1. Based on this model, can you work out whether LEU64 counts as among the hydrophobic types (A, V, I, L, M, F, W, C), without any contact (Cβ under 8 Å) to a residue 12 or more places away in the chain and over 14 Å from LEU26 (Cα atoms)?
2. Scan LEU7, LEU23 and give me the residue that is among the hydrophobic types (A, V, I, L, M, F, W, C), surrounded by fewer than 19 Cβ atoms within 10 Å (Cβ to Cβ), under 27 Å from LEU131 (Cα atoms) and in contact (Cβ under 8 Å) with a residue 12 or more places away in the chain.
3. Just one of ASN28, ASN62 is open to solvent by less than 70 Å² (accessible area, probe 1.4 Å) and either farther than 14 Å from ILE133 by Cα or in contact with a Leu (Cβ under 8 Å, 6 or more places away or on another chain) (or both); which is it?
4. Here are THR76, THR83: which of them is free of Cβ contacts under 8 Å to residues at least 24 places away in the same chain, surrounded by 14 or more Cβ atoms within 10 Å (Cβ to Cβ) and of a type in the set (S, T, N, Q)?
5. Only one of ILE123, ILE98, ILE89 is over 24 Å from TYR11 (Cα atoms) and open to solvent by 60 Å² or more (accessible area, probe 1.4 Å); which?
Amino acid sequence: MNKIKALLVKYKSLIMYAIFGVLTTLVNVLTYYLCFNVLSISNVVSTIIAWVLAVAFAFVTNKLWVFDSKSFDGRTLAHEIPTFFGARIATGILDVLIMYVTVDVLNMNPTIWKLISNIIVIILNYVASKLVIFKKK
């Protein structure tokens with residue numbers, strides 16, 4: 001039992017990131033699906049709307065529960081907010097490019113490619129969050 005507890009403590013941020021990554025992906029994919037398929041909003045605009053909602057959700061969950069950054073002082077936020085959103089903008093652009101090429105240019109399945117794109121984005125975002133944004137000092 002102690003070994004299991006030690007593993008959970010050791011990999012807490014990765015486990016929590018996986019949990020909130022799945023939830024963030026759900027926010028992203030469901031928002032995209034509703035915008036694109038139900039509201040008939042264009043592919044790229046649907047992708048951007050889904051990204052904005054997912055990033056807002058991810059910032060709060062990553063800060064508080066994944067990387068245990070409980071500080072809200074100005075210096076901490078002055079580092080976390082621009083680096084978090086900067087990294088997310090970069091991966092958001094990648095997401096839009098993937099969706100544009102696969103759906104609009106190659107006429108591939110939008111839902112499948114949204115899931116694939118999100119997997120790539122989640123991995124890149126974890127690395128940025130762990131090594132730069134919420135790095136323990």
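The values are calculated or read from the model by the stated rules, or taken from the named source; none is laboratory data. Given the structure is predicted, the values throughout are model-derived calculations rather than measurements. Cβ sites come from the backbone with ideal geometry, for glycine too, and all protein chains shown count toward neighbours. Only protein heavy atoms, including side chains, enter the accessible area calculation; ligands, DNA and RNA are left aside. Shrake-Rupley method; radii C 1.70, N 1.55, O 1.52, S 1.80 Å.
1. Numbers: among the hydrophobic types (A, V, I, L, M, F, W, C): yes; without any contact (Cβ under 8 Å) to a residue 12 or more places away in the chain: yes; over 14 Å from LEU26 (Cα atoms): yes.
Yes; evaluated as a whole, the condition is true for this residue.
2. On the way: LEU7 fails: in contact (Cβ under 8 Å) with a residue 12 or more places away in the chain.
Being among the hydrophobic types (A, V, I, L, M, F, W, C), surrounded by fewer than 19 Cβ atoms within 10 Å (Cβ to Cβ), under 27 Å from LEU131 (Cα atoms) and in contact (Cβ under 8 Å) with a residue 12 or more places away in the chain holds for just one of LEU7, LEU23, which is LEU23.
3. ASN28
4. On the way: THR83 fails: free of Cβ contacts under 8 Å to residues at least 24 places away in the same chain.
THR76 is the lone residue from the list that is free of Cβ contacts under 8 Å to residues at least 24 places away in the same chain, surrounded by 14 or more Cβ atoms within 10 Å (Cβ to Cβ) and of a type in the set (S, T, N, Q).
5. Every option except ILE89 fails the conditions.
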